[in-house]
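Values in this text are rule-based calculations from the coordinates and carry no lab data. It should be emphasised that the depicted structure is a prediction, and the values quoted were computed from it without experimental measurement. Using ideal geometry, Cβ is built from the backbone for each residue, glycine included, and neighbour counts are taken over all protein chains shown.
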């Protein structure tokens, strides 16, 4: 049943299939028309009913997979039916337009990928048409702005970067088709951008899910049923813990100085060779660190390269693109975004991460964060676990590893490195509290920005970006939430296994792929309660 669900998911969303390495549907784009979305929701509901009927009589492995499948279905139904994200967020459509898998992943000869891209570009108008038809106006202002930013960055990428990527393909007919397809894609993207820009005049601040839907979000997507007040208390406690550690470190680093001055000292220590060169050096060093300190097994020889983020993917400072489980021997790419050229010179300078801040971004994205986790997930025993990796599992693990490597002795106890780790932790603490505030407590974007600046000591440009993200990504509390659940699981598992090592725990944890964390807790400890 899970394999049938997997195949139907690939058929529904060919772009998702391509990202996983299933290239038989290359060039096709998910149908985002209202009838197609309703049809898929009905199919999901049938899968749910079928899985519910299987309760009882399953062995532990299949029982676990049944619960993971139900959680995946519930998450998809939550976004499509309860929130109706296709009626409120341009990101549903900009994600479908994203052509990077054909451009930056060398899974096939360039000519084959060029053909796939041309088909993809010719399908872009149907995505923009669905966006214009489905979105219910007026839209939240932050949703409009991120949509415009992405589409505005996509246009020059299509016009300039794409022809350069495929310039070496010696096929006049294919090059002619590429130029024609790019023209179709550019026209569609510019139409979508103009349409979204026109919505600015009527945009509002109605982005909040509200407390009831937010609790549904946590259950449907992560199987977390902790009351919101308890969640907030846990987030505040972790914020206080990290602030106390920062005060202690800053007293050593800058006696008599403020936390803001201490953070500025770290953030002003920019990578001399630039973020890209420095990140490449960090990635190599961090792999050696994981091996030397036996933090986890490295189940493969794949590599992670470091590149500058393309213009339409710069709404986030750093991210990693990792080949899916059906690919073989392809590198991941860790992208770092440059500052927006429209910002002031001071904001652009502040946005570039300091070298110790960058160190823990590299930890998070590559070793032993996302990249290592996906090396394990891509080798999980069953296909379902390889493909469906949840938000709290992935981001919780990546964030958890930042503190893990510091505790293991990264940078030899250098106080500046600890400040860098703590600044990253505080950023995620404020995301946690900001998500709760924005969506359940009436917090404004301006108040969220202020919290990022005051409690995470974030520069103004980053604070704006982070606060805006919280409106259209309410689940970005999962960084801290996942970290807290993993830390508690580690403590409880090591107590129950006195001879177990950190490597034993991490390898066992990562072997599950990426289901909701309470399911992992139950499998590793025999119970799901007490996660926080």
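What is the antiparallel percent of DSSP beta bridges lying wholly in the chain, to the nearest 5?
40
If you take every DSSP beta bridge whose two residues both sit in segment 213-483, what share of them, in percent to the nearest 5, is antiparallel?
About 45 percent, rounded to the nearest 5.
Take the alpha-carbon centre of segment 189-208, take the same for segment 6-41, and report the distance between them in whole Å.
Answer, in whole Å: 26.
With the crude spin-label approximation of a point 7 Å out along Cα→Cβ, what separation in nm comes out for residue 508 versus residue 197?
Here the modelled spin labels are 5.7 nm apart.
Could you work out how far apart the two model spin labels at residue 112 and residue 273 are, taking each label as a point 7 Å from the Cα in the direction of the beta carbon, and quote it in nm?
3.5
For the chain, what does the alpha-carbon gyration tensor say about shape, rounded, prolate or oblate, given a ≥ b ≥ c as the root eigenvalues, a/c under 1.5 as rounded, and a/b over b/c as prolate?
Values: a/c = 1.34, a/b = 1.15, b/c = 1.16.
Judged from the Cα gyration tensor, the chain comes out rounded (a/c under 1.5).
Which of the three applies to segment 192-270, rounded, prolate or oblate, going by the alpha-carbon gyration tensor with a ≥ b ≥ c and a/c under 1.5 meaning rounded?
Here segment 192-270 falls in the oblate category.
In nm, what is the difference between 0.36 nm times the number of residues separating residue 291 and residue 4 and their Cα-Cα distance?
Result: 99.5 nm gained on full extension.
Of the peptides 16-25, 59-68, how do they stack up when ordered by the mean number of other Cβ atoms within 10 Å, highest first?
On the way: 16-25: 19.4, 59-68: 15.6.
Averaged packing, sorted descending, gives the order 16-25, 59-68.
Based solely on its DSSP helices, what 222 nm [θ] is calculated for the chain when runs of n ≥ 4 H residues each add -39,500 (n - 2.57) and the sum is averaged over all residues, nearest 500 deg cm²/dmol?
-20500 deg cm²/dmol
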